[in-house]
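Engineer: Input: one structure, supplied below.
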Amino acid sequence: MAKKNQQNTPSPETQAEAMRIAKATQKQGQTKEQTKLIAQGIQKGIEQYKKQQKMKARERDKFRKKQAKEKQTVEATETHTATEQQTIYKQHWLPWLLLALSWVGFAAYTFLPAVK
């Protein structure tokens, strides 16, 4: 409960600002009680404005973080596909030809009778 009371009590800066604004807009014949009520209304307005700004800042941060995450995933997939594209090469025919010739030579040496 102590936490709830802290949130309901405005900061001294807010109170001073509200009182300054209330005194600046004070009309002739206005009592101190009326000025205090006006200052309280201004305080509530300032608090509500600050809450709205905090909520907007939180939403902007969430949006910014979400955009950064999406950008990272897009970049990761782009680099992943780029590496896949880089690893796909058309192989040259010469190594395959040499492999086939070596196997043919090995088979001929092994299975054909030696001529003496």
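The values are calculated or read from the model by the stated rules, or taken from the named source; none is laboratory data. Since the model is a prediction, treat every value here as computed from it, not as a measurement. Note that each Cβ is placed from the backbone with ideal geometry, even for glycine, and that neighbours are counted across all protein chains shown.
Engineer: Looking at (1) modelled with pLDDT of 85 or more; (2) in a helix (DSSP H, G or I); (3) surrounded by 10 or more Cβ atoms within 10 Å (Cβ to Cβ), find the lone condition where GLU75 falls short.
Structural biologist: That leaves (1) as the condition not met.
Engineer: Looking only at the stretch 7-45, count every residue that is surrounded by 16 or more Cβ atoms within 10 Å (Cβ to Cβ) and part of a helix (DSSP H, G or I) and tell me the total.
Structural biologist: Final tally of qualifying residues: 12.
Engineer: State yes or no: is TYR89 of a type in the set (Phe, Trp, Tyr), modelled with pLDDT under 90 and not in a helix (DSSP H, G or I)?
Structural biologist: yes
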